[in-house]
Amino acid sequence: MINVTCAIIEKDDHVLVTQRSELMSLPLKWEFPGGKINETETEEDCILREIYEELNINVKVVSKLTPNIYQYPNKKIKLIPFVCHFLEGQIILLEHKEYKWLKPHQLKQLDWAEADLPILEEYLILKNA
Ligand SMILES: Nc1nc2c([nH]c(=O)n2[C@H]2C[C@H](O)[C@@H](COP(=O)(O)OP(=O)(O)OP(=O)(O)O)O2)c(=O)[nH]1
């Protein structure tokens, strides 16, 4: 099983979502940015590192939501979500194809990576959205 962190980054009542590129696995699917935890870091170190590496921004962790274990045809992941606040920086997409800042009620419109759907549901309940 692959441990993956992801960030629900909030700023001014909007949430940052990113689209995987044609070259990545799950091409063109929308996700919460993040990535695989390496052996020497904590989950929280991982999410801060991945967000800076992928998007050139700094965030702070606000809370942790419920991890979701999901079996894709070729791999099983444990997706570990953190609600984060945007702190600083200009977004530069270093891996993704696109990004959007959406209001919570707009999030369901996207074509999400399957593993994200229960996490999205939990977040929307939290936000009454
Ligand atoms: N970062 C991130 N990854 C997600 C999400 N939902 C989801 O199913 N994933 C999957 C996609 C990848 O298989 C894995 C994260 O890997 P990664 O983004 O760090 O690296 P990668 O594309 O090189 O992974 P891969 O090609 O080996 O599958 O988790 C999500 O919301 N955020």
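The values are calculated or read from the model by the stated rules, or taken from the named source; none is laboratory data. Keep in mind it's a predicted model, so treat the numbers as computed, not measured. Note that each Cβ is placed from the backbone with ideal geometry, even for glycine, and that neighbours are counted across all protein chains shown. Protein only, heavy atoms only, side chains kept; ligands, DNA and RNA dropped before computing areas. Shrake-Rupley method; radii C 1.70, N 1.55, O 1.52, S 1.80 Å.
What the table below lists for this structure:
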{"read-out": "Selection within region 80-129 - away from the ligand (no atom under 12 Å from the Cβ), among the aliphatic types (A, V, I, L, M), open to solvent by less than 80 Å² (accessible area, probe 1.4 Å) and assigned to a loop (DSSP other than H, G, I, E, B)", "value": "Ile91, Leu93, Ala129"}
{"read-out": "Single condition Lys29 does not satisfy, out of (1) more than 9 Å from the ligand (Cβ to nearest atom); (2) closer than 22 Å to Lys108 by Cα", "value": "(1)"}
{"read-out": "Extreme residue, nearest to the ligand (Cβ to nearest atom), among residues of region 65-79 that are more than 12 Å from the chain's Cα centre (by Cα) and part of a strand (DSSP E or B)", "value": "Ile77"}
{"read-out": "Residue in region 52-64 that is most open to solvent (accessible area, probe 1.4 Å), counting only those that are farther than 17 Å from Val17 by Cβ and within 14 Å of the ligand (Cβ to nearest atom)", "value": "Tyr52"}
{"read-out": "Test set (1) surrounded by fewer than 14 Cβ atoms within 10 Å (Cβ to Cβ); (2) over 29 Å from Asn128 (Cβ atoms); (3) more than 10 Å from the ligand (Cβ to nearest atom) - Arg49 fails condition number", "value": "(1)"}
{"read-out": "The listed residue being of a type in the set (Val, Ile, Thr), over 20 Å from Asn74 (Cβ atoms) and near the ligand (Cβ under 9 Å from one of its atoms), out of Thr18, Thr42", "value": "Thr18"}
{"read-out": "Of residues in region 1-15 being within 12 Å of the ligand (Cβ to nearest atom) and open to solvent by 30 Å² or more (accessible area, probe 1.4 Å), the one nearest to the chain's Cα centre (by Cα)", "value": "Asn3"}
